[in-house]
Amino acid sequence: MPKVTIDDITIEVPAGTTILEAARQIGVNVPPAMCYYSKLKGSGGKCRVCLVKVTKGSDRDPRPMPKLVASCRTAVMDGMEVRNVTSPEVIEARRGVVEFLLVNHPLDCPICDQAGECHLQDLSYDHGLSKSRYEFERRTFERIDIGDKIQLHMNRCILCYRCTQVAEQLTPERVHGVLYRGEVSEISTFIEQAVDNEMSGNMIDVCPVGALTDKTFRFKSRVWFTKPMYAHRDCPTCSGKVTLWYQGAEVLRVTSRKDKWGESEGFICNTCRFDKKQTIDWTIEGPADVDRHSVISQNHYELPYELPVNQKKLSN
Amino acid sequence: MGRKLLLEHIDKPDINTMEGYIRHGGYRSLEKALKTMTPDAVTEEVKKSGLRGRGGAGFPTGMKWSFLDKSTDKPRYLLCNADESEPGTFKDRLLMEKIPHLLIEGMIVSSYALGCRTSYIYIRGEYMFILRILEKAIAEAYAKGFLGNNILGTGYSLDLHVHPGAGAYICGEETALIESLEGKRGNPRIKPPFPAIAGLYNCPTIVNNVESIAAVVPIVNDGGEEYAKIGIGKSTGTKLISASGNINKPGVYEIEMGISVEEFIYSDEYCGGIPNGLDIKACVPGGSSVPILPKQLLFKQSDGSPRLMTYESLSEGGFATGSMLGSGGFIVFDEKACIVRNTWNFARFYHHESCGQCSPCREGTGWMERVLHNIEYGHGKMEDIDLLWDIQRKIEGNTICPLGDAAAWPVAAAIRHFRHEFEYHVKYPHRVFDADHVYQPEMKMQTV
Ligand SMILES: Cc1cc2nc3c(=O)[nH]c(=O)nc-3n(C[C@H](O)[C@H](O)[C@H](O)COP(=O)(O)O)c2cc1C
Ligand code: SF4
Ligand code: SF4
Ligand code: FES
């Protein structure tokens, strides 16, 4: 098995593993990823935030790679040496990419449902400038409803292509997603026709920003005022393993479970997502795993509903 | 007079027909290759010739061919890149329009060398009239038994198709071309894998420029060594140069590699000098993507020796003092030309043509264009020049395909060599504007 060294930490991984996946196995100093999604085939390579420097190609060919490479799409070689956070060049380039991602972004976090669980927000806190150098009008689009449950807010889209990959890989019809080219590319209305599909709601979960949001949850609450609980049900279509987002005793929304990297652990169907919003539909497993540093984890260990008085006493 | 290997018979009125082409020595390489040479022997001649890709990157063609994965029994494809959309480049057009059979002959011989059964010419959509010319020529070749089953009774069969693009520069990038040919959105692929391993329909594929494929014909006719005698160092053979801008005789010229830049611009055989008695200010020697060279670097290399029309000499000294031969789009600017305006014009092109897949190119090209537009139209600030430098630096090298670099280099070179013109625009916006982008005398004095 090839051995790769990332920021001076060496790990052995199966052949064909990407640098990013190897870094995730190490678990520290992991390059960020906005377009790569391990569960979607062909994803990655586009956003360029995961760029790293390969200072040694491999034991067999030790030459460094001439350019920074996308760690999500570059396979490790035996003896490869990679610099991520220890390379000023990488940090500089990543800052540049974050700035590019933000030049046309509306920065409307105060009214965006994604705020608090938005990867672009996290990324800008880590790498962004505190002010914008872009002085021109930002590109804008009309908001469109793609079906009755999902809203597309193209202004916020970073064109990661993940939602089109969901449409292609999880739904039976071939649906393509991007219209036009360059700066004016947009996620296309073809998706609008695909929303009937039982798996279409997963587009919301894979979208790293607030471009695709759940209309049944729209403007109901900031995510950090809701409490995530793991729950499951016997679902004929999907795994039925979900996160319920409670406010008081009310389920405001249902999403798939997210792993440490913000990726869905298993895609869920639209019935589970949009139609099962009662506690009695579900078997509650307990509080969801949320990163300690996430804003969502505040009040995390409180129970989502008032326990009957006698039980409260017992648990004291 | 330099030797002409491709355009020798271009003035013959019937050279576009099968009979005319054959009368002037056409299709000899076809017989020679298919009847007397093995496919590997053809590749060997191409290697010996030292031919380098004429599409821009200058990668040795023979070496590229040897990378073709022959270990699988999947079909192999040869794709001819006739998407020619680089501003300043129009040589492939002339070749296909006037001597279509030269490309077809080259395609058959090259396909034979690579073991392809089906090959495609991918032509830019704006060249629809040339597509018709090529289709007519292909029909003639089928009728003559040069294409189709069992060509000339040798047992080798080949089908050749022409496929039009839909007006995107990016479809000239080889993997975007492949995607487009497959009927998909023309987004460049992330490499590796390279087309020679997994290209069209995931099969081993070679993509070559029109001129590269046409050059295979004289190489097979006369032998690779004969071809390599022309030129200097690793720049062998002849090259088509599309000359435009402020010169007396714009047009396509076939040059022997190694003539000097000065000769090319001033001799009557080629550009014929600068009109209106003006001096030259700068030149973009290889199409809009390559760095612009100011006069003082154009004729002399940094070591003082004359700069030549070769891959090596034009790129001598890296981007600090050199540029690139690129696709041979040679654009000349006289002393009155406005570098800022020209840079803005190029930036506008790349902004329009970015496929939008990766963030630095999608967002950066538009940003650069807007800043340049501001400077050109008198709304610029001094900080904008440094901002532009910073944007281009953050695009370059960080994108999926070289279009990002191609957008960044012209901006970088213009600032590197003509910073004073940008500053002049910021300082005296009204003067630049009033004079219709023609410089005032004090401007000229500032020119280093
Ligand atoms: C944005 C972009 C546009 C390109 N356009 C063309 C083109 O119009 N014609 C061409 O022959 N090569 C073009 N190329 C180069 C091709 O990718 C490829 O290198 C070339 O076709 C290989 O042929 P060659 O080895 O014969 O030069 C382009 C490359 C890029 C990055
Ligand atoms: S809508 Fe979201 S998932 Fe789709 S491309 Fe845009 S950012 Fe990515
Ligand atoms: S560099 Fe530009 S043209 Fe090339 S893949 Fe990226 S966005 Fe597309
Ligand atoms: S995550 Fe690697 S390029 Fe987007």
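One table, with the values for the structure above:
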quantity: Hey, B:Leu314 surrounded by 22 or more Cβ atoms within 10 Å (Cβ to Cβ), at pLDDT 95 or above, among the aliphatic types (A, V, I, L, M) and touching a Pro at 6+ places or on another chain (Cβ under 6 Å) or not; calculated: yes
quantity: Residues that are within 26 Å of A:Gly44 (Cβ to Cβ), small (Gly, Ala, Ser), in contact with an Asp or Glu (Cβ under 7 Å, 6 or more places away or on another chain) and not in a helix (DSSP H, G or I), drawn from the range A:192-240; calculated: A:Gly210
quantity: Wholly within the range B:274-354, helices (runs of 4 or more DSSP H) carrying at least 1 residues that are under 19 Å from the mean Cα position of the chain (by Cα) and touching a residue at least 24 places away in the same chain (Cβ under 8 Å); calculated: B:311-314, B:318-321, B:339-353
quantity: Qualifying residues in the range B:107-138 (those that are among the aliphatic types (A, V, I, L, M) and assigned to a strand (DSSP E or B)) - the one nearest to B:Tyr21 (Cα to Cα); calculated: B:Ile121
quantity: Tally, over the range B:177-193, of residues that are farther than 18 Å from A:Gly44 by Cβ and within 11 Å of ligand 1 (Cβ to nearest atom); calculated: 3
quantity: Unmet requirement for A:Val49, which otherwise passes all of (1) surrounded by fewer than 18 Cβ atoms within 10 Å (Cβ to Cβ); (2) within 14 Å of chain B (Cβ to nearest Cβ); (3) not charged (D, E, K, R); calculated: (1)
quantity: Residue check for A:Ser188: touching a Leu at 6+ places or on another chain (Cβ under 7 Å) and of a type in the set (Ser, Thr, Tyr); calculated: yes
quantity: The listed residue being at pLDDT below 95, surrounded by fewer than 24 Cβ atoms within 10 Å (Cβ to Cβ) and assigned by TED's automatic domain parsing to the domain that holds B:Ser157, out of B:Lys70, B:Lys47; calculated: B:Lys70
quantity: Criterion violated by A:Ser38 - all others in (1) away from chain B (no Cβ under 14 Å); (2) within 14 Å of ligand 4 (Cβ to nearest atom); (3) assigned to a helix (DSSP H, G or I) satisfied; calculated: (3)
quantity: Unique residue being under 23 Å from B:Phe349 (Cα atoms) and at pLDDT below 95 when the list is B:Tyr424, B:Tyr428, B:Tyr439, B:Tyr377; calculated: B:Tyr377
quantity: Qualifying residue in the range A:75-96 (condition: closer than 25 Å to A:Ala167 by Cα and within 14 Å of chain B (Cβ to nearest Cβ)); calculated: no
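The values are calculated or read from the model by the stated rules, or taken from the named source; none is laboratory data. Worth saying up front: this structure is predicted, and the values here are computed from it rather than measured. A quick note on method: Cβ atoms are made from the backbone with ideal geometry, for glycine too, and the neighbour counts reach across all protein chains shown.
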